[in-house]
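Student: Handing you a structure now.
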Amino acid sequence: MLSALSLFSGAGGMDIGVRQAGFEILADIEIDPYCCKTIRSAMDRENLRTLLIEKDIKQVDPSHLIRELTIQPGDLDLLFGGSPCQSFSQAGKRGSLNDERGLLLFEFVRLAKYFQPKFIVIEQVKGILNAPDKSGKNGGVFESLKNKLEELGYRFRQQILNSADYGVAQLRERVFIVATRIKPSFRFPLPTHSKFDSQLSLFPPPREKPLTINALIRIYS
């Protein structure tokens with residue numbers, strides 16, 4: 001089975017999708033005690049063997065963790081997660097890298113440098129694309145992240161995805177960043193629940209209408 005390491009795991013929502021995609025999550029790293037309580041409940045309910053690390057990610061020593069997981073650099077298939085978004089959100093103060101939460105984005109780079117995963121998936125708010133760096137350069141944060149991952153040998157792609165386009169009854173746009181060390185390069189999946197864009201393909205795949213809350217209630221009632 002493919003292996004994964006979850007950063008900023010929250011209550012485990014992203015973990016669910018990763019497991020459904022066929023990965024075994026070796027460890028979750030999360031600092032919030034209430035989120036950890038939720039993760040433990042899910043582990044007990046589903047008999048999961050994931051290691052839960054309840055601590056500040058900055059205090060996680062990758063050399064110790066990799067030994068605890070009994071893997072070697074390059075063995076890990078996927079490093080994934082969504083670091084705190086408040087520093088980049090267009091709805092907030094946008095402290096960017098002047099907010100310590102913004103600096104947590106680069107924990108992906110720190111752990112990727114040691115674990116050397118085959119793939120990295122990062123989820124963030126759209127504001128990350130134009131968030132200023134410490135010099136005030138718009139887009140500087142995203143550019144720095146891209147450069148640091150490319151220096152580690154990763155091919156880097158990003159796209160804004162709307163959850164409603166993939167069957168979720170919610171209009172929620174997020175940036176997904178996918179970095180890979182292997183060929184062929186990653187391609188984002190076409191939407192499954194939205195109006196077809198003729199520029200994407202000459203032969204559009206079948207599409208379903210966007211799901212609404214009412215539709216979901218009818219399906220599951």
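Please treat every number below as a calculation from the coordinates, not as lab data. From a predicted model like this one, the values you see are computed outputs, not experimental measurements. For neighbour counting, all protein chains shown are included, and Cβ atoms are generated from backbone atoms with ideal geometry for every residue, glycine included.
Student: Please work out which option in (1) 18.4; (2) 19.7; (3) 18.8 gives Kirkwood radius over Cα pairs in Å calculated from these coordinates, and answer with its label.
Tutor: This structure yields the entry labelled (3).
Student: In addition: List every residue whose amide H lies under 5 Å from the amide H of S3, counting only residues 5 or more places away in sequence or on a different chain, with H placed 1.01 Å from N in the peptide plane.
Tutor: Amide H to amide H, under 5 Å and 5 or more residues apart or across chains, S3 pairs with E24, D77, L78.
Student: Of the beta bridges DSSP finds with both residues in the chain, what % are antiparallel, to the nearest 5?
Tutor: Counting only bridges with both partners in the chain, antiparallel ones make up about 45 percent.
Student: Treating the beta-carbon of each Lys and Arg as +1 and of each Asp and Glu as -1, no other charges, what is the dipole magnitude of the range 2-191 about its Cα centre, to the nearest 20 debye?
Tutor: The calculation lands at about 520 debye.
Student: Given the rule -39500 (n - 2.57) for each run of at least 4 DSSP H residues, summed and divided by the residues of the chain, what is its mean residue ellipticity at 222 nm, to the nearest 500 deg cm²/dmol?
Tutor: Value at 222 nm, helices only: -8000 deg cm²/dmol.
Student: Related question: Give me S96, S63, S144 sorted ascending by neighbouring Cβ count inside 10 Å, so fewest comes first.
Tutor: The fewest-first ordering by Cβ neighbours comes to S63, S144, S96.
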